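> Please find one structure pasted underneath; my questions will follow.
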Amino acid sequence: MKKLLLSIMGILSFFVFANFALNKKLKIVNYRYHHENIKTPVKIVVLTDLHNNLYGKKQEELIKPIKEINPDLILLVGDLFEVNNGTENTRYLLEWVGANYPSYFVTGNHEYYTKEVNTLKNIVESYQIQVLDGKVDLLEIGDTQLQIGGIDDGKHSSNYPYQLRQLSESYDSTLDSYNILLSHRPEIFNDFKDLPIDLILSGHAHGGQVRIPFILNGLFAPDQGFFPKYAGGEYHLGDRQLVVSRGLIFQNQLPRIFNRPELVTIVLGE
């Protein structure tokens with residue numbers, strides 16, 4: 001009888017552990033930053049690493065929480081598409097985003113893996129979403145001026161060095177603005193040390209795939225290896241911030257452990 005009870009307890013413990021460890025329910029993660037140039041508060045949603053995954057019929061389960069957040073703009077930070085996996089699921093999201101919010105997109109490595117990166121950029125632009133590949137755009141929300149720049153994937157774009165120079169010439173230092181940079185890869189933030197930016201937004205690391213709450217922030221991330229420093233979360237780099245989203249992908253060859261897909265929101269205020 002004792003062995004049976006221990007066996008039952010062991011089985012129940014395993015299922016409880018698996019339920020928490022392998023939970024794929026979308027998590028909303030919030031960050032808030034203050035800056036003297038933010039005259040009107042700004043609410044941002046960051047989407048990255050969708051990899052053409054599908055959240056309910058036509059992305060309804062992803063669209064619903066974004067509607068509830070009601071952001072001022074949406075920033076898409078690469079790897080929305082997936083090689084050999086079509087574009088339909090991603091298109092559902094892009095169509096809705098572009099029709100409802102000011103929005104900007106940069107490529108990730110998986111857009112390059114498809115070998116059709118220019119076609120994918122055209123698809124994104126067809127939904128009225130601005131592609132930032134070495135460009136900076138000025139967006140005014142109330143009395144706040146935002147300069148939003150973006151750069152193609154730093155490892156696979158042959159234009160990366162040129163785009164980096166282009167960015168350095170495009171941010172207007174005479175404006176009382178808050179400056180944001182979209183870069184899919186977090187580990188290359190030192191490339192941007194000379195840019196007049198306040199906030200870098202990235203993805204790519206998938207939260208380090210395996211996490212142990214309060215102990216291990218990530219086990220492995222591409223291009224960072226084991227125990228990545230920039231697996232997910234916020235990092236203070238002097239007077240600027242780096243936010244690394246753990247991404248939206250939930251169907252992958254490797255399981256996410258204690259590492260739910262996440263929707264990042266950022267509120268900027270005075």
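Since every read-out is calculated from the coordinates, none of them should be taken as a lab result. Worth saying up front: this structure is predicted, and the values here are computed from it rather than measured.
> To the nearest 500 deg cm²/dmol, what mean residue ellipticity at 222 nm is calculated for the chain from DSSP H runs of n ≥ 4 alone, each contributing -39,500 (n - 2.57), summed and divided by the residues?
About -8000 deg cm²/dmol.
> OK, next. Of the labelled options (i) 19.4, 78; (ii) 19.6, 72; (iii) 18.9, 58, which one gives Rg and Dmax of the Cα atoms in Å as computed for this structure?
Entry (i).
> How many percent of DSSP beta bridges within the chain run antiparallel, rounded to 5?
Counting DSSP beta bridges with both partners in the chain, the antiparallel share is about 40 percent.
> Sticking with this structure for a sec: When we measure straight from the Cα of Lys25, which lysines land under 22 angstrom away, once same-chain ones fewer than 8 places off are left out?
By straight Cα distance, Lys25 reaches Lys57, Lys58, Lys64, Lys67.
> Expressed in whole Å with the largest first, what are the equivalent ellipsoid semi-axes of the stretch 133-270 derived from the C-alpha gyration tensor as the square root of 5 times each eigenvalue?
28, 17, 13
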